[in-house]
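Written below as C-alpha cells is the structure these notes are about.
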Number of protein chains: 2
Amino acid sequence: MLARLRSDVDLWVASADAEGDAYLVPLSFVWHGGSLVVSTPRASRTARNLLRAGWAGVALGPTRDVVIIEGPVEAIAIGEDPALEDAHANATEFDPRTLAEEYVYLRITPRSIQAWREVNELEGRWLMRKGAWLD
Amino acid sequence: MLARLRSDVDLWVASADAEGDAYLVPLSFVWHGGSLVVSTPRASRTARNLLRAGWAGVALGPTRDVVIIEGPVEAIAIGEDPALEDAHANATEFDPRTLAEEYVYLRITPRSIQAWREVNELEGRWLMRKGAWLD
C-alpha cells in the first residue's frame, strides 16, 4: 500500500461545490510526509471545491484494483514549503512554480483508506479508519 | 471513441449530496442505445446523489488517456426495460436482478465528452458539447 502511494503518479479527485454539483478530474500527485500533494490552479473548480469543503475523496489505481482515500485538505501557497514543492516537481515532472498562472498545492492527509479489487465488492477493505492504520 | 464506449467495462462516477460532499466510486457500465448504463443499490450514496442532482460526471480510461462524460441521469427500475437490463448483465457480468437488495439502473446520456492524454493539459479536447458530436 505504501509502495503504491510512493510509486503511483496520478489519482482521480472528486469534488463538489456548495450547490452539490460534483466534478471529477485526474491530477498528478506525490506522497510526501504522510500526505498526498497535488497542485492545480487556485481558480480551478477542483481547488475552489476542495478548499470550500475542506475534505477530499481521491482514488488511485485502475478500477479493478482501487484505493480510495479520504481526508482533510489544506492549501499551501507557492513558496511556503520548498521541500514539498521540490518533491511534487520531481514526482510529477510538472512544476507549477514555473507558470504565470497562480497554482496552489493541496495537501490531503488520509483519514480513511479503502482498497478493493472487484467493482462489485460492495464492502471495500478498510486499511485506515479515523486516521489509524488497520493492518 | 465509440469503440472505447463499447469495449470498456468500468468507469468512475463522481457524485455529491445537497451539502456539497463529493463521493467517488468505480462502477461497471454498458453503452446501450446512446447512453451509459450503470446499476447500484437504490439506497447507495451514488444512486441517491445522482438522482438528487439529475446530472452525472463520469470518467473512463486510465488517468493519461481520459474520457470525461457529463450528462443527465434517469433512474430505471428493475423490470422496466428488459433489453437494457440484459445488455447490462452481458457487458458487466453482474446481474442486479438476481439480488435481494433493491438495485436501480442509472442511464447517463452524454451531453458533453472530453478526452485528453496528459494530466497537465488544462484544456481537454471536446468530442461533444451540448449533446452534439464535434468530430
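The values are calculated or read from the model by the stated rules, or taken from the named source; none is laboratory data. This one's a predicted model, so the numbers in the text were calculated from it and none came from an experiment. Note: ideal-geometry Cβ built from the backbone for every residue, glycine included; neighbour counts use all protein chains shown. Note: accessible area is taken over every heavy atom of the protein model, side chains too, but ligands, DNA and RNA are not part of it. Shrake-Rupley method; radii C 1.70, N 1.55, O 1.52, S 1.80 Å.
Test A:ASP81 against the criterion of being open to solvent by 10 Å² or more (accessible area, probe 1.4 Å), more than 14 Å from every other protein chain (Cβ to nearest Cβ) and at pLDDT below 85, and give yes or no.
Here the answer is no, as A:ASP81 does not meet what is asked.
So which of A:PHE94, A:PHE29 is more than 9 Å from chain B (Cβ to nearest Cβ), touching a residue at least 60 places away in the same chain (Cβ under 8 Å) and either more than 23 Å from B:LEU11 (Cβ to Cβ) or open to solvent by less than 50 Å² (accessible area, probe 1.4 Å) (or both)?
A:PHE29
Being under 11 Å from B:ALA16 (Cβ atoms) and part of a strand (DSSP E or B) is the filter here; which residues of segment B:35-57 pass it?
Residues satisfying the conditions are B:TRP55, B:ALA56, B:GLY57.
Please tell me if B:TYR23 is among the hydroxyl-bearing types (Ser, Thr, Tyr), more than 10 Å from chain A (Cβ to nearest Cβ) and either assigned to a strand (DSSP E or B) or without any contact (Cβ under 8 Å) to a residue 24 or more places away in the chain (or both).
No.
Answer yes or no as to whether A:TRP116 is more than 17 Å from the chain's Cα centre (by Cα) and within 13 Å of chain B (Cβ to nearest Cβ).
yes
Under 6 Å between Cβ atoms, which residue pairs at least 6 apart in sequence (or on different chains) link something in segment B:51-68 that is open to solvent by less than 40 Å² (accessible area, probe 1.4 Å) with a partner that is polar (S, T, N, Q) and modelled with pLDDT under 95?
Within 6 Å, the pairs are B:ILE68/B:GLN114.
Would a scan of segment B:34-47 turn up a residue that is over 20 Å from B:ILE78 (Cα atoms) and either basic (Lys, Arg) or at the interface with chain A (Cβ under 8 Å from one of its Cβ atoms) (or both)?
no
Mind telling me which of the residues B:VAL38, B:VAL73, B:VAL104 ends up being under 26 Å from A:ASP65 (Cβ atoms) and of a type in the set (Val, Ile, Thr)?
Among B:VAL38, B:VAL73, B:VAL104, only B:VAL38 is under 26 Å from A:ASP65 (Cβ atoms) and of a type in the set (Val, Ile, Thr).
I'd like the full set of residues that are in contact with a Leu (Cβ under 8 Å, 6 or more places away or on another chain) and at the interface with chain B (Cβ under 7 Å from one of its Cβ atoms), limited to segment A:1-20.
A:ASP10, A:TRP12, A:ALA14, A:SER15
For A:THR63, which of the numbered conditions (1) at pLDDT below 95; (2) more than 10 Å from chain B (Cβ to nearest Cβ) fails to hold?
Here A:THR63 clears every test but (2).
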